[in-house]
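The values are calculated or read from the model by the stated rules, or taken from the named source; none is laboratory data. Please read all numbers here as calculations on a predicted model, not as lab measurements. Cβ: placed from backbone, ideal geometry, glycine included. Neighbour counts: every protein chain shown. Each accessible area value is taken on the protein alone, full model and side chains, heavy atoms only, with ligands, DNA and RNA left out. Shrake-Rupley method; radii C 1.70, N 1.55, O 1.52, S 1.80 Å.
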Amino acid sequence: MKVALLASLGSTIDTFFPEIVDEWRAKGVEVVTASSTDSTVLPFTRIGSLSRGPTVRNFFAPQQIRNWVDTVQPDVVITNTATASAVARLSRLSVPVIYFCHGLHWNQGRSLSDQMWKLIETSLVNRTAGAITINQDDERWFSHRMRRDKVLRLHFGVGVPLETYPHAPVTPDGKVRLLWVGEFIERKQPSDAISVLRRLKSLGVDCSLTMLGEGPLLAAVRDQVANSKLSMDVMLPGRSDVRHYMHASTALLHTAKWEGLPRVMLESLACGRKTYAYDVKGVRDIPEVVLAPEGYPELLAEAIRDDTMPNGTPTELIFDRTLLDVRRTASEMHDYISSFIKSGV
């Protein structure tokens, strides 16, 4: 079979799919890719009118996507990321379109923004031949609107290349060394991580925090660190290879309002690190995660304190890391796509 993989950005393909594509190709599957920016997963086609977010430039994208599909003649299009998936499903392609949903854009679905995204996605369901989901909430949403056999749930998302994220024992030295990884944007709530650290300090916990990433809120977080007199306890090295920092930490801290299924938490699990996070969509599906109510950093700090042993390490993490193997994910997706094509939908 031949699979066409479409995303808004080439970096999305390069981040999540190389190992999956390698496994598919080993099974004899042809794979072609396309996005608005270059990808290293070849053969690749640039869709110039596609973009990360909705813009007037997307007006010409349906025709460009149709031209691409007519040229490469795949059996199915797997589309990922919100804009690319919406445009692809609106393009009236000659082949089925499967939406690989990394996360429907709402948590509880109550805000005006949530309602807008729900309306958009509901309008696209009848143009969606199949859906691949990575958390229980999104699986439930699609299953109520599509045939159940057309919805696949990947319990460990796109998986983890275990050789790249080896397990490493936590070095106990009496200090809680927290790692936070993500974009410095409103949904990720980076300022809450500082509030968690401040509360831990007030509880008498010897702790530090490293925050990896960049984004528009980084300057505000730097100010918050300075104003809280935590400059000696918080490191902000920017964007960097997470593996070194993961192995140097005792645990991962995550403060997002909602997620699809955060891969960094799976990578942390592969490395043998527990995650402390808010009880929100996508995050609650992570094995061994310790949760606190969203929006209450002080309760998250208390959960960390209560789960920490005297030597500064979390209570024991018991999980079979082989379940995270990206090859298992690739095999699940291969079987789903194969049966999908054979069904003639």
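Computed quantities for the displayed model
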{"quantity": "Test: residue in region 304-312 that is buried (at least 20 other Cβ atoms within 10 Å of the Cβ), touching a residue at least 12 places away in the same chain (Cβ under 8 Å) and under 23 Å from GLY103 (Cβ atoms)", "calculated": "no"}
{"quantity": "From the options ARG92, ARG46, ARG110, residue that is within 21 Å of GLY282 (Cα to Cα) and open to solvent by 60 Å² or more (accessible area, probe 1.4 Å)", "calculated": "ARG110"}
{"quantity": "Residues satisfying the stated conditions in region 63-82, i.e. under 15 Å from ARG92 (Cα atoms) and either in contact with a His (Cβ under 9 Å, 6 or more places away or on another chain) or surrounded by fewer than 15 Cβ atoms within 10 Å (Cβ to Cβ) (or both)", "calculated": "GLN63, ASN67, ASP70, GLN73"}
{"quantity": "Test: residue in region 138-151 that is free of Cβ contacts under 8 Å to residues at least 24 places away in the same chain, over 15 Å from VAL326 (Cα atoms) and of a type in the set (A, V, I, L, M)", "calculated": "yes"}
{"quantity": "Top-ranked residue in region 1-28 [being assigned to a loop (DSSP other than H, G, I, E, B) and either out of contact with any helix residue (DSSP H, G or I) (no Cβ under 7 Å at 6 or more places or on another chain) or free of Cβ contacts under 8 Å to residues at least 60 places away in the same chain (or both); ranked as farthest from ILE337 (Cα to Cα)]", "calculated": "LEU9"}
{"quantity": "Contacts under 7 angstrom Cβ, first residue in region 287-299 being closer than 16 Å to PRO262 by Cα, partner among the polar types (S, T, N, Q), 6 or more apart", "calculated": "VAL289/THR275"}
{"quantity": "The one condition in (1) surrounded by fewer than 15 Cβ atoms within 10 Å (Cβ to Cβ); (2) closer than 30 Å to LYS257 by Cα that PHE60 fails to fulfil", "calculated": "(2)"}
